[in-house]
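Asker: I'd like to ask you about the structure that follows.
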Amino acid sequence: MEIAKIGIVGAGQMGNGIAHVTALAGYDVTLTDISAEALARAMALIRKNMERQVSRSKIAQAEMDAALARITTTQTLTDLGASDLVIEAATEREAVKQAIFDALLPHLQPHTILTSNTSSISITRLASRTDRPGKFMGFHFMNPVPVMQLVELIRGIATDKDTYNACLSVVERLGKTAASAEDFPGFIVNRILMPMINEAVYTLYEGVGNVKSIDESMKLGANHPMGPLALADFIGLDTCLAIMNVLHDGLADTKYRPCPLLTKYVEAGWLGRKTDRGFYDYRGEDPVPTR
């Protein structure tokens with residue numbers, strides 16, 4: 001199946017990045033969000049990020065202009081009905097994702113492939129509630145999308161081979177690398193990454209080290225480019241907690257129990273960079289550890 005039109009649900013951190021890379025790859029993109037402000041912010045950020053690519057000679061000015069012209073924004077979800085491929089990148093709550101698919105289904109073409117950018121929710125369960133479980137799969141980009149090279153492709157139990165191959169061809173056209181993952185909680189990346197972050201929070205919670213010493217230890221002792229607590233702030237502590245809860249509920253193993261300190265930060269609304277406070281305080285010129 002030839003994919004030409006891509007619909008993206010959600011203009012947040014992930015959605016605008018997906019719109020950026022798919023438009024640059026030559027796809028016609030329709031980006032939708034319930035918020036006009038979110039759509040305006042997304043387009044401004046896409047332009048800014050593409051201008052940075054032009055300034056670094058990663059892309060030509062003509063490529064940027066053509067890519068921006070391929071992106072249409074709308075607050076009407078059903079405008080995605082003409083898409084060949086829909087990538088849902090809404091908030092990481094299953095009820096929200098299900099409501100989006102329910103609203104979209106009556107307006108889709110028979111051949112349209114439905115995908116979710118979920119980082120942990122069951123693809124098989126999401127697919128089973130649609131009219132096309134064979135044409136449904138996980139399409140998990142990494143953040144920030146224009147920079148990160150990996151895309152996890154997750155097949156549900158019912159996902160057919162043609163759907164997988166069509167999505168694989170999109171990943172290849174984007175110039176990224178696909179990792180095929182089975183549909184179990186957290187898939188590959190978050191199954192490994194989130195427990196490491198959670199353990200770093202436990203190390204802080206138990207007083208083994210402070211924020212600075214934990215992050216410096218992993219950067220200088222394990223050669224990680226970013227410390228786990230700084231990375232948690234970048235991802236969003238609410239997202240980290242949601243994924244840990246999915247792992248804990250789905251695998252029923254106490255080793256995935258979210259650290260109480262992570263829960264406390266989320267309760268405080270200290271979600272990381274997006275709220276200017278998390279394990280670091282970002283309100284000054286330089287980030288300052290909060291513990």
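Asker: Quick one: would you say A89 is under 23 Å from G175 (Cα atoms), modelled with pLDDT of 95 or more, in the same structural domain as K176 (by TED's automatic domain parsing) and out of contact with any Leu (no Cβ under 8 Å at 6 or more places or on another chain)? Don't jump to the end; show me each part of the working.
Answerer: Numbers: under 23 Å from G175 (Cα atoms): yes; modelled with pLDDT of 95 or more: yes; in the same structural domain as K176 (by TED's automatic domain parsing): yes; out of contact with any Leu (no Cβ under 8 Å at 6 or more places or on another chain): yes.
Against the criterion (under 23 Å from G175 (Cα atoms), modelled with pLDDT of 95 or more, in the same structural domain as K176 (by TED's automatic domain parsing) and out of contact with any Leu (no Cβ under 8 Å at 6 or more places or on another chain)), A89 qualifies.
Asker: Can you find even one residue in region 261-270 that is more than 29 Å from I154 (Cβ to Cβ) and surrounded by 14 or more Cβ atoms within 10 Å (Cβ to Cβ)? Before the answer, list the steps.
Answerer: Residues of region 261-270 more than 29 Å from I154 (Cβ to Cβ): 261, 264, 267-270.
After this cut, where a residue has to be surrounded by 14 or more Cβ atoms within 10 Å (Cβ to Cβ) as well, the list is 261, 270.
Within region 261-270, one or more residues are more than 29 Å from I154 (Cβ to Cβ) and surrounded by 14 or more Cβ atoms within 10 Å (Cβ to Cβ).
Asker: Give me the pairs, please: first residue somewhere in region 95-108 and under 10 Å from T78 (Cβ atoms), second residue anywhere and part of a helix (DSSP H, G or I), beta-carbon distance under 6 Å, and either six or more positions apart or on two chains.
Answerer: A103/L77; H107/T78; H107/G81; L108/G81
Asker: While we're on this one: Has region 65-83 got any residue that is under 19 Å from V171 (Cβ atoms) and not small (G, A, S)?
Answerer: Our first condition is that a residue be under 19 Å from V171 (Cβ atoms); within region 65-83, this holds for 67, 70, 83.
Then drop every residue that is not not small (G, A, S), which leaves 70.
Yes, region 65-83 contains a residue that is under 19 Å from V171 (Cβ atoms) and not small (G, A, S).
Asker: So, G17, is that one closer than 23 Å to Y164 by Cβ and surrounded by 24 or more Cβ atoms within 10 Å (Cβ to Cβ) or not?
Answerer: Values: closer than 23 Å to Y164 by Cβ: yes; surrounded by 24 or more Cβ atoms within 10 Å (Cβ to Cβ): yes.
Judged against the criteria, G17 is a match.
Asker: Taking region 240-282, which residues are outside any helix (DSSP H, G or I), of a type in the set (D, E) and under 28 Å from S122 (Cβ atoms)? Before you say what the answer is, go through the steps one by one.
Answerer: In the first step, residues of region 240-282 are kept if they are outside any helix (DSSP H, G or I); the result is 252-253, 257-259, 269-272, 276-282.
When the remaining residues are screened for being of a type in the set (D, E), the result is 253, 276, 281.
Matches in region 240-282: D253 only.
Asker: Are any of the residues in region 35-48 hydroxyl-bearing (S, T, Y) and more than 21 Å from A103 (Cα to Cα)?
Answerer: Of all residues in region 35-48, those hydroxyl-bearing (S, T, Y) come to 35.
Retained after the next criterion (residues that are more than 21 Å from A103 (Cα to Cα)): none.
Scanning region 35-48, I find no residue that is hydroxyl-bearing (S, T, Y) and more than 21 Å from A103 (Cα to Cα), so the answer is no.
Asker: On to the next question. Kindly indicate which of I214, I235, I192 is of a type outside the set (D, E, K, R) and under 16 Å from Y256 (Cα atoms).
Answerer: Numbers: I214 fails: under 16 Å from Y256 (Cα atoms); I235 fails: under 16 Å from Y256 (Cα atoms).
Criteria check complete, one pass: I192.
Asker: Would you point out which residue out of N245, N223 is more than 30 Å from D183 (Cβ to Cβ) and not hydroxyl-bearing (S, T, Y)?
Answerer: Working: N245 fails: more than 30 Å from D183 (Cβ to Cβ).
Criteria check complete, one pass: N223.
Here is a yes/no grid of residues against (1) surrounded by 22 or more Cβ atoms within 10 Å (Cβ to Cβ); (2) touching a residue at least 60 places away in the same chain (Cβ under 8 Å); (3) not hydroxyl-bearing (S, T, Y):
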{"position": "T30", "(1), (2), (3)": "yes, no, no"}
{"position": "S35", "(1), (2), (3)": "no, no, no"}
{"position": "L39", "(1), (2), (3)": "no, no, yes"}
{"position": "I46", "(1), (2), (3)": "yes, no, yes"}
{"position": "R52", "(1), (2), (3)": "no, no, yes"}
{"position": "S55", "(1), (2), (3)": "no, no, no"}
{"position": "K58", "(1), (2), (3)": "no, no, yes"}
{"position": "Q61", "(1), (2), (3)": "no, no, yes"}
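Matching residues to (1) more than 15 Å from K264 (Cα to Cα); (2) crowded, with 20+ Cβ neighbours inside 10 Å; (3) touching a residue at least 40 places away in the same chain (Cβ under 8 Å); (4) not charged (D, E, K, R):
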{"position": "L204", "(1), (2), (3), (4)": "no, yes, yes, yes"}
{"position": "G207", "(1), (2), (3), (4)": "yes, no, no, yes"}
{"position": "V211", "(1), (2), (3), (4)": "yes, yes, yes, yes"}
{"position": "E216", "(1), (2), (3), (4)": "yes, no, no, no"}
{"position": "N223", "(1), (2), (3), (4)": "yes, no, no, yes"}
{"position": "L237", "(1), (2), (3), (4)": "no, yes, yes, yes"}
{"position": "M244", "(1), (2), (3), (4)": "no, yes, yes, yes"}
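The values are calculated or read from the model by the stated rules, or taken from the named source; none is laboratory data. As the structure is a prediction and not an experimental result, all values here were calculated from the model. So basically every Cβ, Gly included, is an ideal-geometry build from the backbone, and we count neighbours across all protein chains shown.
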